[in-house]
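Presented below is the structure to which this report refers.
No value in this document is a laboratory result; all are computed from the given coordinates. Since the model is a prediction, treat every value here as computed from it, not as a measurement. Using ideal geometry, Cβ is built from the backbone for each residue, glycine included, and neighbour counts are taken over all protein chains shown.
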Amino acid sequence: MRVVLQRVLEASVTIDGSRVAAIGPGMLVLCGFEEADGTEDLDWMSRKIAALRIFDDDAGVMNRSVVEVGQDILVVSQFTLMASTKKGNRPSYIAAARPEISIPLYEQFKDALSAQIGHPVACGVFGADMKVALVNDGPVTICIDSKNRN
């Protein structure tokens with residue numbers, strides 16, 4: 001499992017001209033899955049994201065988690081995070097899990113992350129042509145791969 005997370009002042013998802021999800025200050029999490037991902041990856045990633053200290057404390061130091069600051073998370077599925085660019089100029093998405101595997105993983109991940117932060121996460125629509133808008137705060141952008149834990 002691979003995520004790109006961004007600390008945001010606001011973020012939203014629009015599909016066919018209709019806004020389907022939006023948050024104010026918090027975190028945008030783009031997530032991609034591979035076939036080898038399982039519950040262990042989802043649990044580890046949701047704990048990691050909830051505990052990641054990327055929000056400022058009173059001294060202006062990134063020392064607080066999304067839970068501590070009580071902000072929201074917007075989760076968006078993005079299979080292109082699993083792209084391989086090793087050969088040629090056209091990315092290969094062969095490592096990305098097929099929908100029959102990635103949809104249940106996406107749903108379980110949203111549930112696990114909601115449980116970690118204590119309230120529901122906002123989310124995009126799996127497989128839809130989404131327009132994602134954000135105002136990156138910092139900017140703070142972090143990539144995490146559940147297969148590279150150590």
Practice problem: Using only C-alpha atoms and all pairs of different ones, pull out the Kirkwood radius for the range 16-103 in Å with one decimal. | Solution: 15.4 Å
Quiz item: Please report, for the Cα atoms of the range 69-150, the Rg to one decimal and the Dmax as a whole number; what are they, in angstrom?
Solution: 14.7, 44
Exercise. Could you quote the convex hull projected area for the chain, Cα atoms only and averaged over all directions, in nm²?
Key: 9.5 nm²
Quiz item: Could you give P(r) for the range 52-107, binned at 5 Å from zero, as whole percent values over all Cα-Cα pairs?
Solution: 4, 15, 16, 11, 11, 13, 13, 10, 5, 1
Quiz item: Given labels modelled 7 Å from the Cα in the Cβ direction, how far is it in nm from residue 63 to residue 133?
Solution: 3.6 nm
Self-check item: Pairwise centroid distance, computed over Cα atoms, of the range 96-150 with the range 47-67, Å
Solution: 18 Å
Self-check item: Acute angle (nearest 10 degrees) that the helix 39-51 long axis makes with the longest principal axis of the chain, alpha-carbon atoms
Solution: 30 degrees
Quiz prompt | Virtual spin-label span in nm between residue 18 and residue 98, 7 Å along Cα→Cβ | solution = 3.0 nm
